[in-house]
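Some notes on the structure that comes next.
None of the figures in this text is laboratory data; all of them are computed from the coordinates on show. What you are looking at is a predicted structure, and each value in this text was computed from that prediction instead of being measured. Here Cβ is always computed from backbone atoms with ideal geometry, including for glycine, and neighbour counts include all displayed protein chains.
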Amino acid sequence: MLNHQDIWAALDNLALKFSMSTSAMARQAGLDPTTFNKSKRQSADGKPRWPSTESLAKVLNVLGVDFQDFAFLTAEITANKFGQSMGVNVPLIDLSQAGCEGFFSLAGMPIGDGWDAVRVPGVNDDHIFALQISGDSMVPVLRHGDRVIVAPGETIRRGDRIVVKMRNGEILIKELQNINAKVADLGALSPDYPNRVVVLKDVMWISRIVWVSQ
């Protein structure tokens, strides 16, 4: 069960993931910089306080983090606190291998041998898999060694970060800018690389990234 400390700790870790203090995170969201200070985490009579849903929503919105992603982070806090594994073993493969044959079904589900595994909290989807980033083509959003958790069954929307498997074996990790019946406009995660427009008939599958472990 979640408690006040878990939520505050998850906010602290969220700031850490974006390399900023909680004060800077609050300012970026248009909040008072003291919103997440230690002194605000309990009332005058010493009772623990929850962060407001409004402040949490503003922070997640400005950082581009879904509530589901924040829930993953909170689950990690709870698991570490109690020394529990919480979650399931998720298939893991290096991005450099993901374009090879034999690792995915036509629908983008992980199959076959050659996968490693990583424990992911809060998972209830048997088809989720993880890709480990190799190279620096997605810096500063994703760096070498980061892991992205991918959910083939999730609905994709504009603004989502996605994995695209092309029929020629190419694997792309991009931001979905627009999609219609014929093409998808994909935004690069690094300013050093161009955006892409892909023809959907050349795409095998597209899946949504639901969490990044850095």
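Net charge dipole, the stretch 4-82: roughly 260 debye, given to the nearest 20, about the Cα centre with Cβ charges of +1 for Lys and Arg and -1 for Asp and Glu. Counting only alpha carbon atoms, the long axis of helix 4-17 and the longest principal axis of the chain meet at about 50°.
Given the choices (i) 0.94; (ii) 1.01; (iii) 1.15, Rg/Rh (Cα atoms, Kirkwood Rh) derived from the coordinates of this structure is entry (ii). Only Cα pairs under 8 Å and 6+ residues apart enter the sum, and on that basis the relative contact order of the chain stands at 15 percent. When F103, F36 are arranged by Cβ crowding within 10 Å, least crowded first, meaning fewest neighbours, the order is F103, F36.
The C-alpha atoms of the chain define a longest principal axis, and helix 53-63 lies at about 40 degrees to it. Taking every C-alpha pair closer than 8 Å and separated by at least 6 residues, the mean separation divided by the residue count of the stretch 88-213 gives a relative contact order of 25 percent. Does the stretch 4-82 come out rounded, prolate or oblate, given a ≥ b ≥ c as the square roots of the eigenvalues of its C-alpha gyration tensor, rounded meaning a/c under 1.5 and, failing that, prolate meaning a/b above b/c? Since a/c reaches 1.5 but b/c is at least a/b, the shape of the stretch 4-82 is classed as oblate.
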